[in-house]
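Below is one structure, written out as structure tokens; comments come after it.
The values are calculated or read from the model by the stated rules, or taken from the named source; none is laboratory data. The structure displayed is predicted, hence computed values, not measured ones. FYI the Cβ positions are ideal-geometry reconstructions off the backbone, even for glycines, and counts take in every protein chain you see. When the accessible area is computed, the model is the full protein with side chains, heavy atoms only, and any ligands, DNA or RNA have been set aside. Shrake-Rupley method; radii C 1.70, N 1.55, O 1.52, S 1.80 Å.
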Amino acid sequence: MFYMDYIKDKLITKGRPQAEIVKRIQKEYGDSVIQETTLGQVFSGMKGVVSLLTCTSKLDPDEGIRFRGYSIPELREKLPKLSEDGEPLPEGLFYLMLLGELPNDEDVKFLSDSWAKRAQDIPQHAFDVINALPKSSHPMIQFNSAILAMSTESHFRRAYLAGMDKRDYWDPMYEGVMDLISRLPVIAAYIYRRVFHDEKYIDPDPSLDWAGNLAHMMGFESEEVKRLMRLYMVIHADHEGGNVSAHATHLVGSALSNPYYSFSAGMNGLAGPLHGMANQNVMHWLQRLMDELGTDAPTTEQVREYAKATLDSGRVIPGYGHAVLRKTDPRFAVQLDFANKYIPEAPLIKLVKKIYDVVPDILTETGKVKNPWPNVDAISGSLLSSYGITEYPVYTMLFGVSRALGVLTQLIWDRLYGLPIERPKSQNLEWFKDKVGFKE
Ligand code: HAX
């Protein structure tokens, strides 16, 4: 057993009875049929097929994400902040997702301090691995290489080899997760300064909160950027269990891979253009629009033509559509709210609003897009860019720092629940043809 802090104490007190329920329900109701699955669902990427046990958050197609029952506006109201008009601290969201209860100021302070302390022990070889890569390699390559390199520090691997009782796996997992989360802002800021600021690194300030420190290490000292970073880190943290980054982390973790291997798998998925890389691609799409039209304030008609040309050339409009959501993403809405409050006149924000006026109708006209509304990525880059974080390639990495909070919390719960190795069944095309009576 590792050092017992009060959060771990609460976690195991809540976790053990729930682990018992998971065992009992499986034993007593394991043969209960809970759903039917269509061929269409399988062929469209298992959409809507309930196949994962996830406790950290839940996604409603119309309402959007709720973290342990709390919507984003509720989190903004109820999670601890550094000032009345500030944004919620990601430490508080981590606490909520881990324990299912709202934290108080002391809980958040405990996590800020603990993460600041753990962040001091990053092994030098994580930086050496980054430095061995060309600066031109995408920040996600550098980020993920450093994550994998840090797995030399895995408590989980050592505990497993030492023959730990499997009911205690959650404990080294918690330790590894806390270490990993604490270190990601340092790694991300290092990559940012290495690639874009002539290797002029800025030391962490242990008196700052986790997200404020990230802004500081990246070179941004204004309170407004720190607020934006806190909000960004809260809203990107989790999106139920089936999205690519969460599912990949969970799947690899089910083989009892350590948190570094598991999270790295999730980050490889986040780097895909249909997932987290969309935030960078939105900026490329906007930049090309401005370059082609020679203005950052195009007319409605110009935006319409540009969006149609994108579709006609067989590409997607990045930042729009979603596999689950069927309305405007509340993560888009809250960022728009932030922009309207602080920088309503920023040209990129005005452009985002114009696109929001035009694109949903165009996507609806295609007759095939299930959700024509903007997702989180439609505005996040424009907001960062308006505040001077103009280097698009780092946006997915920032998303990744935040995503750690949700997917790694779930990984602790996966080990608490004692979930087994994941192994769905696959079939070849002949099997599906036979099953539905398909005629050539
Ligand atoms: N632009 C153009 N076409 C789109 C579209 C968009 N924004 N969104 C969906 N479509 C198309 C699909 O490509 C698909 O076309 P085909 O039938 O020709 O293959 C059709 O509409 C039906 O797709 P869907 O069922 O509505 O959407 P999916 O669940 O298959 O895909 C995606 C969801 C998010 C991948 C999709 O909407 C998309 O590609 N959006 C643009 C990329 C993007 O913004 N990704 C980020 C999503 C949020 C996220 O994960 N962030 O990290």
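Leaving ligands, DNA and RNA out of it, rank GLU84, GLU301 by accessible area with a 1.4 Å probe, largest first. Don't jump to the answer; show the numbers that get you there.
Values: GLU84 165, GLU301 95 Å².
My answer, sorted largest first, is GLU84, GLU301.
I need the shape label for the stretch 265-390. Rule: rounded when a/c is under 1.5, else prolate if a/b > b/c, else oblate, with a, b, c from the alpha carbon gyration tensor. Cα axes put the stretch 265-390 in the rounded bin. Summed over the residues of the stretch 120-276 and divided among them, the accessible surface reaches 36 Å² per residue at a probe radius of 1.4 Å.
Taking GluC sites (Glu not before Pro) across the stretch 89-137, the ones in a DSSP loop with at most 13 further Cβ atoms lying within 10 angstrom of their Cβ are GLU101. Count the net charge of all other residues whose Cβ sits under 13 Å from the Cβ of PHE110, scoring Lys and Arg as +1 and Asp and Glu as -1. Net of charged neighbours comes to -3.
Centre-to-centre separation between the Cα atoms of the stretch 346-378 and those of the stretch 154-189: 41 Å. Calculate the length of the line joining the C-alpha centroid of the stretch 396-440 to that of the stretch 242-286, in whole Å. Centre-to-centre (Cα) distance: 12 Å.
Could you tell me what a quarter of the Cα convex hull surface of the stretch 332-389 works out to, in nm² with one decimal place?
On the way: hull surface 15.5 nm².
Averaging across all directions leaves 3.9 nm² for the Cα convex hull.
Between LEU79, LEU411, LEU53, find the one with the highest GNM mean-square fluctuation for the chain; connect C-alpha pairs within less than 10 Å. With Cα springs under 10 Å in the chain, the top fluctuation among LEU79, LEU411, LEU53 is at LEU53. The residues of the stretch 22-84 have, on average, 71 Å² of accessible surface per residue, using a 1.4 Å probe with all protein chains present.
Contact order for the chain, expressed relative to its length and based on alpha carbon pairs under 8 Å spaced 6+ residues apart, stands at 22 percent.
Count Lys and Arg as plus one, Asp and Glu as minus one, and take only other residues whose Cβ is under 13 Å from that of THR38; the net charge is then +1. Taking springs between alpha-carbon atoms closer than 10 angstrom, which of VAL401, VAL352, VAL282 fluctuates most in the Gaussian network model of the chain? Among VAL401, VAL352, VAL282, the largest GNM mean-square fluctuation belongs to VAL352.
Ranked by solvent-accessible area (1.4 Å probe, protein heavy atoms only, all chains present), the residues THR13, THR54 order from largest to smallest as THR13, THR54. The accessible area of TYR70, taken with all protein chains in place and a 1.4 Å probe, comes to roughly 60 Å². Taking all protein chains into account, the per residue accessible area for the stretch 359-440 stands at 44 Å² (1.4 Å probe).
Per the 1.4 Å probe, what fraction of the accessible area of the stretch 299-378, in percent, lies on carbon and sulfur atoms? Before the final figure, lay out the partial values.
Values: 2020 of 3730 Å².
Here carbon and sulfur together make up 54 percent of the probe-accessible area.
Within a straight-line Cα-Cα reach of under 13 Å, LYS308 can be paired with the following aspartates and glutamates, leaving aside sequence neighbours fewer than 8 residues apart in one chain: ASP361, GLU365.
Mind listing which chymotrypsin sites (Phe, Trp or Tyr not before Pro) in the stretch 137-239 are in a DSSP loop and have 16 or fewer other Cβ atoms within 10 Å? Don't jump to the answer; show the numbers that get you there.
On the way: sites: PHE143, PHE156, TYR160, TYR169, TRP170, TYR174, TYR190, TYR192, PHE196, TYR201, TRP210, PHE220, TYR232; in loops: TYR169, TYR201, PHE220.
Sites meeting the loop and neighbour criteria: TYR201.
Using the structure shown, select from LYS327/LYS354; LYS58/LYS81; LYS78/LYS226; LYS81/LYS200 the pairs with a Cα to Cα distance greater than 21 angstrom.
Working: LYS327/LYS354 18 Å; LYS58/LYS81 23 Å; LYS78/LYS226 19 Å; LYS81/LYS200 30 Å.
Table pairs above 21 Å Cα-Cα are LYS58/LYS81; LYS81/LYS200.
Starting from the Kirkwood radius over alpha-carbon pairs of the stretch 191-347, derive D by Stokes-Einstein at 20 °C in a medium of 1.002 mPa s and give it in µm² s⁻¹. It diffuses with D of about 115 µm²/s by this estimate. What percent of all Cα-Cα pairs in the stretch 373-440 falls into each 5 Å bin, going from 0 up to the bin containing the maximum distance? Bin by bin from 0 Å, the calculated values are 3, 11, 12, 11, 9, 9, 11, 14, 11, 6, 3, 1.
When the Kirkwood radius is taken over all Cα pairs of the stretch 70-146, what Stokes-Einstein diffusion coefficient follows at 25 °C and 0.890 mPa s, in µm²/s?
Working: Rh = 14.9 Å.
Diffusion coefficient, whole number: 165 µm²/s.
When the chain is treated as a Gaussian network with alpha carbon springs shorter than 10 Å, the biggest mean-square fluctuation among MET233, MET164, MET267 belongs to MET164. Report the local net charge at THR366: Lys and Arg +1, Asp and Glu -1, summed over other residues whose C-beta lies under 15 Å from its C-beta. Residues near THR366 contribute +2 overall.
Counting only protein heavy atoms, what percent of the accessible surface of the stretch 38-139 is carbon or sulfur at a 1.4 Å probe? Walk me through the numbers before you get to the answer.
Values: 2690 of 4950 Å².
In the stretch 38-139, the share of accessible area belonging to carbon and sulfur is 54 percent.
Projected label points at LEU102 and ALA309, each 7 Å from Cα along the beta carbon direction, are separated by 5.0 nanometres.
In the complete set of protein chains, residue-level accessible area for LEU429 is approximately 110 Å², probe 1.4 angstrom.
Of all complete DSSP H helices in the chain, those with a Cα span along the helix axis of 30 Å or greater and a mean Kyte-Doolittle hydropathy of -0.5 or more are 170-196, 395-417.
Which value results when the Cα radius of gyration for the chain is divided by 2.2 N^0.38 Å?
Working: Rg = 22.1 Å, N = 440, 2.2 N^0.38 = 22.2 Å.
So the Cα radius of gyration is 1.00 times the expected 2.2 N^0.38 Å.
Relative to one another, the C-alpha centroids of the stretch 53-81 and the stretch 1-46 are positioned 19 Å apart. With N denoting the number of residues in the stretch 335-428, provide Rg(C-alpha) divided by 2.2 N^0.38 Å, to two decimal places. Dividing the Cα Rg of the stretch 335-428 by 2.2 N^0.38 Å gives 1.54.
Our analysis of the stretch 116-238 gives Rg over Rh at 1.01, with the two radii drawn from alpha carbon positions and Rh computed by the Kirkwood formula. With one equal scatterer per alpha carbon and no solvent term, the Debye-computed log10 I(q)/I(0) for the stretch 143-189 at 0.26, 0.33 1/Å reads -0.92, -1.19.
Backbone amide hydrogens, once placed in the peptide plane, bring LEU82 within less than 5 Å of GLU87, excluding anything fewer than 5 places away on its chain. Placing R0 at 22 angstrom, the Cβ-Cβ distance between GLU28 and ILE421 gives a FRET efficiency of 0.50 after rounding to 0.05. Annotation note: trypsin sites (Lys or Arg not before Pro) in the stretch 44-121 located in DSSP loop regions with a Cβ neighbour count of at most 12 within 10 Å are absent.
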